[in-house]
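Computed from the coordinates by the stated procedures, all read-outs in this text should not be read as laboratory data. All values derive from a computational prediction rather than experimental measurement. Using ideal geometry, Cβ is built from the backbone for each residue, glycine included, and neighbour counts are taken over all protein chains shown.
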Amino acid sequence: MLIHKVGVTGLLKSDLFGLLSTLDAETERRLHRRNYLFSLDALRTPDENDELSRLSAELADLGFFNSDFKDPYYAMFVRKMTQHTRFHKPALSPEEQAEQDAIVDEIIDAILKEDDAQ
């Protein structure tokens, strides 16, 4: 058995436990909110801009990168994936995980096709 090679985080996120994240619920909520606000782009209100800045600073203090995603492909992915809020929960069923994986593949395919067209 190779379980000892994946580490605790890998084990918790494996099919054995099915957790999506090892983060606490509040940090997970703040990450989702930051990404949602980021995805709004020019549609953000001044209050939402302030909230995005505050959340980004708080999360940076916890070791998470800033919401100013340097990689344009990752920024596009975050904008698209943020629209699928039904996956924002601690654990997914095998069916939900398969559905999320399919959506991720679709988003990546669309980003790559868009890049090829340019």
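Taking the Cα atoms of segment 71-118, report the difference between the largest and smallest coordinate on each principal axis, in whole Å and largest first.
Projected onto its principal axes, the Cα set of segment 71-118 covers 38, 16, 14 Å.
Can you give the Kirkwood hydrodynamic radius of segment 24-68 from its Cα pairs, in Å with one decimal? Walk me through the numbers before you get to the answer.
Working: mean 1/r = 0.0957 Å⁻¹.
When all Cα pairs of segment 24-68 are included, the Kirkwood radius is 10.4 Å.
Per residue of segment 95-107, what does 6.51 cos²θ - 1.76 cosθ + 1.60 with θ = phi - 60° give for ³J(HN,Hα)? Whole Hz please, x for Gly and Pro, Karplus curve as stated.
With coefficients 6.51, -1.76 and 1.60, one gets 5, 5, 4, 5, 5, 5, 4, 5, 5, 4, 4, 5, 5 Hz.
Under the rule of at least 5 residues apart or a separate chain, name every residue whose amide H is placed under 5 Å from the amide H of H88.
Excluding prolines and chain starts, which carry no amide H, there are no hits.
Calculate, for D101 and T27, the FRET efficiency according to 1/(1 + (r/R0)^6) with r their C-beta to C-beta distance and R0 25 Å; round to the nearest 0.05.
Here the calculated transfer efficiency is 0.60.
In nm, to one decimal, how far is the F64 label point from the R44 one, both placed 7 Å along Cα→Cβ?
Once both label points are built, they end up 1.4 nm from each other.
In Å and on Cα atoms, what radius of gyration and Dmax does segment 30-118 show?
Cα radius of gyration and Dmax of segment 30-118 are 14.4, 40 Å respectively.
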